[in-house]
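I have placed the structure first, in the form of structure tokens, so that the comments after it can refer back to it.
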Amino acid sequence: METRNRAVALMRDGVPNRIVAEELGIPRGTIGWWRSEDRRRRGEIFTRPTDCPRCTGREFDHQAYSYLLGLYLGDGHIIAKPKQNHLSIYCGDVWPGLIDAAEEAMQKVMALPSTGRRQKKGCTEVKSYSAHWPCMFPQHGPGKKHERHIALEEWQQSIVDAHPWEFLRGLIHSDGCRITNWTTKVVNGARKRYEYPRYMFANKSDDIRQLFCDTLTKVGVEWTTLARGSDPFNVSVARKASVALMDAHIGPKY
């Protein structure tokens with residue numbers, strides 16, 4: 001009882017559960033239970049602190065948000081349940097820099113929620129635990145993104161307009177790539193092989209592809225649509241000047 005009273009006193013003074021557990025040599029689960037029991041006895045209603053920009057009105061990193069928005073629209077989803085709330089971005093393991101960039105963007109937009117990584121087959125799920133991610137991504141909803149309407153709110157579009165390259169970078173990092181194409185031409189009677197770089201973006205959502213293409217146009221990048229069968233899921237950037245522009249601001253995944 002003496003140890004429990006000491007733990008409760010520390011927690012009432014604002015010492016985090018983890019520190020109390022380490023100092024007293026008590027499992028964190030036990031410390032958490034003692035804290036909840038102490039709150040219940042005192043009739044204290046616990047409200048989890050939040051640094052959600054939409055709820056608190058605080059400033060946040062718009063550049064990081066524009067990148068994270070692109071990642072979310074491509075390979076992200078939100079779980080919003082009573083006891084399970086998080087934003088997840090799935091990143092291929094062959095691009096470790098992308099994994100780091102996704103977690104860094106989450107922390108820059110909302111620093112208070114804890115982040116974590118979960119290994120999956122061939123990819124890493126980067127997660128940020130907060131019930132407020134739907135506030136930041138109102139595109140969240142039931143069903144798959146390509147089966148529902150996706151449109152940016154006015155405040156989101158203002159951020160994308162201010163940081164278009166970060167938005168495009170997030171979309172390319174999630175559902176795009178930089179590849180080397182090749183073709184052959186007959187020159188002086190001999191067939192020669194020519195290689196050239198190209199950026200590709202593929203997404204089944206007409207709305208998300210339109211957001212991508214509209215933003216490309218705004219920054220002066222020429223693009224074309226390539227059909228996959230009868231479905232125009234692929235957007236291509238192949239003109240030399242446009243590829244050079246993309247290279248200057250985005251580059252290959254890493």
One checks the Cα atoms of region 60-203 and finds Rg and Dmax, in Å, of 18.4, 71
Descending packing, highest mean Cβ count within 10 Å first, for 119-125, 237-243 is 237-243, 119-125
Rounded to one decimal in nm, the spacing of the 7 Å Cα→Cβ label points at Asp206 and Glu37 is 6.0
Once the in-chain neighbours fewer than 8 apart are removed, the lysines whose Cα is under 23 Å from Lys185 read Lys240
Expected unfolding gain across Arg117-Glu222 under the 0.36 nm per residue rule, minus the alpha-carbon gap, is 34.2 nm
Given a 1.4 Å probe, the accessible area of region 27-95 per residue, as a whole number of Å², is 58
Contact order relative to length for region 1-152, counting C-alpha pairs under 8 Å separated by 6 or more residues, stands in percent at 19
As straight-line cross-link partners of Lys108, the qualifying lysines (C-alpha separation under 17 Å, not fewer than 8 residues apart within one chain) are Lys127
Given the candidates Ser36, Pro53, Val20, the one whose Cα lies deepest towards the positive end of the charge dipole of region 1-63, counting +1 at each Lys or Arg C-beta and -1 at each Asp or Glu C-beta, is Ser36
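The values are calculated or read from the model by the stated rules, or taken from the named source; none is laboratory data. The shown structure was predicted, so the numbers you read here are calculated from the model rather than taken from an experiment. As a convention, Cβ positions derive from the backbone with ideal geometry for all residues, glycine included, and neighbour counts pool all protein chains shown. Just the protein is used for accessible areas: all its heavy atoms, side chains included, with ligands, DNA and RNA removed. Shrake-Rupley method; radii C 1.70, N 1.55, O 1.52, S 1.80 Å.
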